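Contents: one structure, followed by commentary.
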Amino acid sequence: MKRRFFFRFISYLLSLPLISSCTKVPVTNRTQLNFVPDKWIRWISDKYYYDYLDDNFLIQDVDMYNRVYDIGLKIQLAIKKYFEIKKLDFSKYNLDYEINVVDDKRNLNAFAMANAKIVFFRRIVEFCDNDDQIAAIMGHEMGHVISKHIHERISHRFTWDVLTLGIAEIFAELGFFLPWSRKQESEADYLGVVFMTLAGYDPNEAAVFWEKLYDYQQKVKKYRSNPDLIVKIKRNLPEFTSTHPFPENRSKKIRDWAKEVNNEFKDYI
């Protein structure tokens, strides 16, 4: 009993400086734990980002690149517009964005680094039906950056290791980190809806994109056969074991948010 009390007491003392490091996410106003220095995270992100570019080919299609770049620029201006409408301090969020498109025709993917570097894969650009859907992805990725989700994830990981003394990692992955990742994904979806709407794009196309992606995934499952039982199990895991919300769930939320955001910002669109 005394030993258990001792560990709780030590955990409490160690957590005090971490609890005081809470910040607010713009737009959603959610309280988040963030004590990772910007300089440190930028240094790591820069290293990973430029190493990644060295190992991958960028597209030579100038028209495709300009299309993605122009959409990214409009989303950046929309982010600034949001801060002006809400009369918020934009200085900390006036980031040096860089957008690139990797010549990868296999992966439906895009990602954002904490240093405001955005990478689209050629496949996902071609998969989109229109500029609105590209804007939905762009707004989502920039939403991760604005929300400092990577800072938050690192802060959570460090806090968990301190409070548990480095044990129970499997339970941490299922019960702690994955739910936070899904919350971050939904938060980035919402920010994406706000930013793309203010940029003049149709936010309902974000829902259409996720519905289209879901249909695509179902077709792939139907025609792909794999005797590996573990692979089959992973394909059918429930949502709580995934870091991303299921496409059919997030599309419904996005349609609801689109109505709310259009009503809130109708005078600024």
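The values are calculated or read from the model by the stated rules, or taken from the named source; none is laboratory data. Not measured: the values here are computed from a predicted model. Cβ sites come from the backbone with ideal geometry, for glycine too, and all protein chains shown count toward neighbours.
Applying the selection to region 34-71, what residues are of a type in the set (Ser, Thr, Tyr) and without any contact (Cβ under 8 Å) to a residue 40 or more places away in the chain?
Result: TYR50, TYR65, TYR69.
Note on region 188-269: enclosed helices (runs of 4 or more DSSP H) holding 3 or more residues that are at pLDDT below 95 and surrounded by 16 or more Cβ atoms within 10 Å (Cβ to Cβ) are 204-223, 247-264. Which one is surrounded by the fewest Cβ atoms within 10 Å (Cβ to Cβ), of the residues in region 31-65 that are over 11 Å from VAL101 (Cα atoms) and polar (S, T, N, Q)? Of everything passing the filter in region 31-65, THR31 is surrounded by the fewest Cβ atoms within 10 Å (Cβ to Cβ).
Considering ILE118, ILE99, ILE124, the condition of being in a helix (DSSP H, G or I) and either among the aliphatic types (A, V, I, L, M) or more than 18 Å from LYS74 (Cα to Cα) (or both) is satisfied by ILE124 alone. For VAL101, the criteria (1) more than 18 Å from VAL194 (Cα to Cα); (2) touching an Asp or Glu at 6+ places or on another chain (Cβ under 7 Å) hold in every case but one, which is (2). Within region 71-91, the residues that satisfy the criterion of being at pLDDT 95 or above, exposed (fewer than 15 other Cβ atoms within 10 Å of the Cβ) and either among the aliphatic types (A, V, I, L, M) or closer than 15 Å to LYS117 by Cα (or both) are LEU73, LEU77, ILE85.
For beta carbons closer than 9 Å, sequence separation of 6+ or different chains, a first residue in region 105-130 that is under 30 Å from LYS92 (Cβ atoms) and touching a residue at least 24 places away in the same chain (Cβ under 8 Å) and a second that is assigned to a loop (DSSP other than H, G, I, E, B) and basic (Lys, Arg), the qualifying pairs are ALA114/LYS148.
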